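In what follows, a structure is listed as structure tokens, so that the remarks can point back to it.
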Amino acid sequence: MTAAIELVNVTKRFGRRTAVADLTLRVPVGEVFGLLGHNGAGKSTAIGMMLGQIWPTAGQVRVHGWDVTTHRARALARVGAIFETPAFYDYLSGWRNLEIFSSYTAPVSRQRLAEVLDWVGLTGREHSAVRTYSHGMRARLALAQALLPEPDLLILDEPAEGLDPEGIHELRQMLRRLHRDMGLTLLVSSHQLGEMEQLCTRIAILRQGRKVYDGPWDRMGTNEGRIRLEVSPFEQAVAGLQAAGLVREGGRDSEGGWVTPAPGVGTEQLARWLVQAGFALHELRRPRQTLEEFYLSLIQPAREGSEERRPMASARAEGGVVA
């Protein structure tokens, strides 16, 4: 699949400090890609290099197949971005701000201005002074600015920072709509793990400038062992499943009932047997790590003297790469 963004063995040093170390990253066209990491992990530095605002010390940064350091204009011709805190002229209207910012690159038509303002839901407030805008409206204006060059790639660094839950939800819906209706490729850096879990199809996690995971989010973290089971009566159901050779063991813990299926037995076979046997089945599911749990398993150090904790092995098996 064609890459919208490709970093190959990229390193960036600021004096003696290494902000990004030997980073290789590929964002396929059409992906919603999440870039995660703690403060100081190197996310913003990596994005700065993608946008040609920071020169790499070593390695290659390519956008749309063009090397950003040698062909910046061509590489970024169809790229929109929100990088660092967007700044606007508060005493001017949202419309006038967009006119001014577009004049720095390539002026756009009034029709295009109206179109992007409508896309982000600012129609009706476009001629109001930006100082009257809420934080959420400012975030929408920043997104409108990023959409002005008719991009096919959006790079967004902490776009939801400072937004309330309603504003975060609205932004997520807008980004989904842009991806679905306009076919945009999105790279999003954020600390909002719950939002990234709902939005992204693939993630990369940085720790101290190094990539520690790169892979699909929607298929990672599935526990292939225990299955959560809520059925009435529980003990009799587990005994019946064991007698039928469908489960090896079962019991209860702090999270409720569980069983360990026999090799090759899936949830559909367990459900079919329980229903046919007349048990009242309430829940049957494989536990799944949340993105927060997976992220913390990579980022948080284990107890001193032991190795850092690793995520479930199934993440590696499903196409992800754990460094």
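Just so it is clear, none of the values below were taken in a lab; they were calculated from the coordinates. No experiment lies behind these values; they were computed from the predicted model shown. We place every Cβ from the backbone using ideal geometry, glycine too, and count neighbours over all the protein chains shown.
What number, in nm² with one decimal, is the all-direction average of the projected area of the convex hull of the alpha-carbon atoms of the chain? Projected over every direction and averaged, the Cα hull of the chain covers 21.4 nm².
Normalised by 2.2 N^0.38 Å, where N counts its residues, the alpha-carbon radius of gyration of segment 1-102 equals 1.20. Among Met50, Met182, a tally of other beta-carbon atoms within 10 Å of each Cβ gives an order, fewest to most, of Met182, Met50. According to the Kirkwood relation over distinct C-alpha pairs, the hydrodynamic radius of segment 144-186 is 11.0 Å.
The mean of 1/r over all distinct Cα pairs in segment 227-285, once inverted, gives the Kirkwood hydrodynamic radius of 11.0 Å. Contact order for the chain, expressed relative to its length and based on alpha carbon pairs under 8 Å spaced 6+ residues apart, stands at 18 percent.
Using the Cα coordinates of segment 135-238, the gyration tensor eigenvalues translate into equivalent-ellipsoid semi-axes of 35, 18, 14 Å, sorted from longest to shortest.
Spacing of the modelled spin labels on Tyr91 and Gln300, each 7 Å from Cα toward Cβ, amounts to 5.0 nm. As a length-normalised measure over Cα pairs under 8 Å and 6 or more apart, the relative contact order of segment 227-285 settles at 47 percent. Counting only DSSP beta bridges with both residues in the chain, the antiparallel share comes to about 70 percent.
Please identify the longest segment of the chain free of exposed GluC sites (Glu not before Pro), where exposed means a DSSP state other than H, G, I, E or B and no more than 16 other Cβ atoms within 10 Å.
1-83
Put simply, the C-alpha atoms of segment 96-186 give a gyration tensor, and the ellipsoid matching it has half-axes of 19, 17, 12 Å, longest first. Each of Leu193, Leu92, Leu154 was scored by other Cβ atoms within 10 Å of its Cβ. Listed from fewest to most, they are Leu92, Leu193, Leu154.
Neighbour counting of Cβ atoms within 10 Å sorts the residues Arg176, Arg17, Arg125, fewest neighbours leading, into Arg17, Arg176, Arg125.
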